[in-house]
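Enquirer: Starting off with a structure, shown below.
The values are calculated or read from the model by the stated rules, or taken from the named source; none is laboratory data. Model, not experiment: these values are computed from the prediction. Cβ placement follows ideal geometry from the backbone for every residue including glycine, while neighbour counts extend to all protein chains displayed.
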Amino acid sequence: MSKDVLILAESVEDKLALISSELLGIGRKLADDLGGDLIAVILGSEGTKELSKGLISLGADKVIVGESDIFDGYTNSFYLEGIDAAVRESSPHTFLVANTSVGRDIAPRIAFRHNASYAHDCTELSYEDEKLCAIRPVWGGSAISHVKSKTENLSIASLRPKALPMADIIEGRTGDLVELNISIESGETLMSFLEAKKVQSEGVRLEDAEIVVSGGRGLGGAENFSHLEKLGKVLKAAVGASRAAVDAGWVPTQMQVGQTGKIVSPNLYIAVGISGAMQHMVGAGPSKNIVAINTDADAPIFQRARYGIVGDYKKVLPALTEKFEELLQS
Amino acid sequence: MNIIVCIKQVQDPDIPPRDFKVDEEKMEVLSPANVSPVISTFDENAIEEAIALKEVHGGKITVVTVGSESCKDSLKKCLAMGCDDAILLNDDCFEDSDAFGIARILAAAIEKIGEFDIIMCGRLSSDWSFGSTGLALAEALGLPSVGQLQKITVEGDELICERGLEDGVEVVKVKTPCLLTVSNEINNPRLPSVKGILMASRKQLPIWKSTDIEIDESKIGSSANTLELTKLYQPVFTGNCEFIEDESLEEAAKKLALRLREDKII
Ligand SMILES: Cc1cc2nc3c(=O)[nH]c(=O)nc-3n(C[C@H](O)[C@H](O)[C@H](O)COP(=O)(O)OP(=O)(O)OC[C@H]3O[C@@H](n4cnc5c(N)ncnc54)[C@H](O)[C@@H]3O)c2cc1C
Ligand SMILES: Nc1ncnc2c1ncn2[C@@H]1O[C@H](COP(=O)(O)O)[C@@H](O)[C@H]1O
């Protein structure tokens with residue numbers, strides 16, 4: 001059986017996605033454990049080839065590039081066939097994707113098709129007797145499961161963003177570039193890509209922010225997010241939200257932090273009017289310092305916080321914002 | 001427009017965290033007493049969307065679930081909300097199937113149901129979150145799939161779908177029949193009406209066993225699972241929060257700002 005590890009790399013605005021670097025880090029380790037090669041596959045429109053050097057310097061021994069108009073914009077049908085072709089061509093031991101809107105949309109279908117095992121949203125990966133083992137938080141993060149692949153075939157896993165360190169860049173590393181043989185015509189599909197509507201966030205991106213201020217149901221209304229925005233401006237922070245605030249229609253879904261939102265890892269996370277449900281903490285948990293402001297002293301968020309104030313945010317936030325402003329000016 | 005919705009009944013995820021308990025020995029999550037199970041959150045969005053589509057385009061909604069007898073409660077709720085038929089897939093040999101096994105059972109049941117335009121699933125189940133049942137079902141039936149659906153418009157035999165991305169949405173066109181996995185942004189599920197509840201309570205729910213559908217029993221159940229659970233436990237968090245207090249909340253806020261400065265966090 002093959003000892004190679006294949007990863008699905010992705011690009012964001014013509015650059016390699018950070019999560020791909022996390023995949024290459026663990027992928028390299030796993031390939032070394034097995035004594036095989038690390039292969040990266042990347043699909044995209046013309047110019048995608050340019051990213052292969054970066055993939056090799058981050059640890060890939062071989063890069064499979066699928067460059068085609070049909071990969072200009074994501075559709076499940078085309079990507080599925082493209083990635084299936086790469087899996088068949090490289091027949092790896094293990095195939096890793098990131099738990100992103102693309103990775104999680106492809107991996108289960110590939111796994112079912114190949115009779116492979118599939119572990120979703122893993123935070124750690126290793127081998128035991130050459131079988132893929134994964135740690136997978138389940139029940140919204142309330143429980144942690146360890147699973148082990150039982151198949152003699154392919155094992156597939158999706159990796160949770162920010163769970164593992166990024167690969168180091170090694171200058172001068174060499175590797176092979178292979179072009180993917182694909183013979184899909186755009187006419188053959190039952191599906192077509194129309195457009196992507198990107199929501200530009202003002203200021204710092206939530207995922208990259210060093211400080212995040214986040215609001216929940218406790219804010220009581222859309223208009224009250226202005227308190228958070230004010231605080232955010234002073235701290236040069238990104239503003240996030242709980243799902244309750246998103247479901248109430250107060251803020252757009254791109255601001256959601258959590259299991260089904262974004263995973264953030266700032267130095268400081270200020271949670272305002274957020275109870276700290278497990279599903280929310282999946283996204284906020286990687287933060288280095290959590291500060292919670294909540295009227296309920298028993299709210300679970302305080303179990304994860306370094307500092308807390310029990311009280312109405314309407315009294316706390318203006319004074320906090322003012323003091324920060326003063327401190328940051330001096 | 002005929003729609004099939006696959007739902008999963010789960011333990012209520014909104015119970016207080018202290019009531020969540022794991023039996024590490026048996027590697028099971030214990031069900032707390034006196035808490036009714038619920039329809040997995042995104043499946044409820046799928047039910048709502050199916051009903052909304054039916055209200056505009058007509059047709060019939062069939063709900064299916066693989067699970068125990070108690071899942072009838074959730075199926076009845078779907079009927080009370082406005083679905084037309086509900087089928088429980090229940091057999092000893094279905095038990096302990098993983099997402100792929102469940103997908104095979106659902107696929108066989110859907111072959112028996114026959115005609116449909118759309119199959120809807122949730123994007124992720126609230127309990128085990130395999131993140132794969134819906135997409136595996138699409139693969140089993142050879143259907144195109146759109147994941148993480150946030151909006152849908154019908155144009156003849158095509159659907160215009162908005163699918164969630166990290167930084168926006170993507171619009172794709174897909175031909176029916178197809179499978180969609182639904183996300184919470186799409187709608188706010190309605191509550192069943194009193195009339196609906198009454199009607200649903202009178203309905204008999206068919207139960208299909210493995211002999212009612214065409215299924216290869218060697219491909220379902222725990223022996224067919226491709227992953228083995230080796231450990232299950234609850235994460236521990238050492239709660240050592242320092243509560244900042246003072247004469248007033250305003251003063252406490254100032255103190256907090258100073259403390260974060262001292263700690264060089266800001
Ligand atoms: C499968 C699944 C996936 C999920 N994914 C996510 C996810 O990605 N992200 C997410 O956030 N949630 C997610 N959830 C939902 C999650 O379980 C919680 O329901 C949600 O996080 C609660 O949001 P909240 O803390 O804002 O609301 P609540 O739990 O209602 O908490 C509001 C808090 O505000 C406090 N409060 C009220 N008034 C004030 C005041 N004046 N000042 C200060 N505090 C006040 C209250 O004491 C309370 O603690 C998911 C759930 C499921 C089942
Ligand atoms: N036992 C089941 N019966 C019917 N549908 C299911 C079942 N389990 C999962 N599903 C469907 O698959 C979706 C995703 O579940 P999962 O793969 O566990 O994340 C759920 O939201 C349901 O729509």
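Enquirer: Picking from B:T41, B:T62, B:T133, which residue would you name as being over 24 Å from B:E228 (Cβ atoms) and within 14 Å of chain A (Cβ to nearest Cβ)?
Expert: B:T41
Enquirer: Got a number for residues in the range A:193-235 being in a strand (DSSP E or B), within 16 Å of ligand 1 (Cβ to nearest atom), within 14 Å of chain B (Cβ to nearest Cβ) and over 19 Å from B:E166 (Cβ atoms)?
Expert: Final tally of qualifying residues: 1.
Enquirer: Quick check: is even one residue across the range A:322-329 within 27 Å of the chain's Cα centre (by Cα) and not in a loop (DSSP other than H, G, I, E, B)?
Expert: No: zero hits.
Enquirer: What number of residues in the range A:128-150 are within 22 Å of A:D105 (Cα to Cα) and not in a strand (DSSP E or B)?
Expert: 3
Enquirer: When only residues in the range B:87-104 that are among the aliphatic types (A, V, I, L, M), near ligand 2 (Cβ under 9 Å from one of its atoms) and closer than 21 Å to B:K72 by Cβ count, which is nearest to the other protein chains (Cβ to nearest Cβ)? Steps first, answer last, please.
Expert: Kept after step one, since they are among the aliphatic types (A, V, I, L, M), are these residues of the range B:87-104: B:87-89, B:99, B:102-103.
This time we only want the ones that are near ligand 2 (Cβ under 9 Å from one of its atoms), so: B:89, B:99, B:102-103.
Remaining after also requiring closer than 21 Å to B:K72 by Cβ: B:89, B:102.
Details: B:L89: 19, B:I102: 11 Å.
In this case the residue turns out to be B:I102.
Enquirer: Looking only at residues that are out of contact with any helix residue (DSSP H, G or I) (no Cβ under 7 Å at 6 or more places or on another chain), within 7 Å of chain B (Cβ to nearest Cβ) and not aromatic (F, W, Y) in the range A:297-311, which one is surrounded by the most Cβ atoms within 10 Å (Cβ to Cβ)?
Expert: Of everything passing the filter in the range A:297-311, A:A305 is surrounded by the most Cβ atoms within 10 Å (Cβ to Cβ).
Enquirer: Restricting to the range A:120-168, name every residue that is surrounded by fewer than 18 Cβ atoms within 10 Å (Cβ to Cβ), acidic (D, E), in contact (Cβ under 8 Å) with a residue 24 or more places away in the chain and within 11 Å of chain B (Cβ to nearest Cβ).
Expert: If the condition is that a residue be surrounded by fewer than 18 Cβ atoms within 10 Å (Cβ to Cβ), acidic (D, E), in contact (Cβ under 8 Å) with a residue 24 or more places away in the chain and within 11 Å of chain B (Cβ to nearest Cβ), then A:E152 is the only one that fits.
Enquirer: Which numbered condition trips up B:S36, out of (1) surrounded by 13 or more Cβ atoms within 10 Å (Cβ to Cβ); (2) part of a loop (DSSP other than H, G, I, E, B)?
Expert: (1)
Enquirer: A:E171 passes all but one of (1) in a loop (DSSP other than H, G, I, E, B); (2) more than 28 Å from B:G142 (Cβ to Cβ); (3) at pLDDT 95 or above; which number fails?
Expert: It fails just one condition, (3).
Enquirer: Hey, among B:K203, B:K195, B:K231, which residue is under 26 Å from the mean Cα position of the chain (by Cα), within 9 Å of another protein chain (Cβ to nearest Cβ) and basic (K, R)?
Expert: Only one candidate qualifies: B:K231.
Enquirer: Within the range B:105-143, how many residues turn out to be surrounded by 21 or more Cβ atoms within 10 Å (Cβ to Cβ), near ligand 2 (Cβ under 9 Å from one of its atoms) and of a type in the set (D, E, K, R)?
Expert: 1
Enquirer: If we only count strands (runs of 3 or more DSSP E) wholly inside the range B:155-208, which ones have 2 or more residues that are buried (at least 19 other Cβ atoms within 10 Å of the Cβ) and without any contact (Cβ under 8 Å) to a residue 40 or more places away in the chain?
Expert: Of the strands (runs of 3 or more DSSP E) lying wholly inside the range B:155-208, those with at least 2 residues that are buried (at least 19 other Cβ atoms within 10 Å of the Cβ) and without any contact (Cβ under 8 Å) to a residue 40 or more places away in the chain span B:158-165, B:168-175.
Enquirer: Considering only the range B:44-59, how many residues are within 15 Å of ligand 2 (Cβ to nearest atom) and either more than 15 Å from B:L191 (Cβ to Cβ) or within 14 Å of chain A (Cβ to nearest Cβ) (or both)?
Expert: Number of matching residues: 6.
Enquirer: Here is a follow-up. From B:C83, B:C78, which residue is touching a residue at least 60 places away in the same chain (Cβ under 8 Å), closer than 13 Å to B:I4 by Cα and not in a helix (DSSP H, G or I)?
Expert: B:C83
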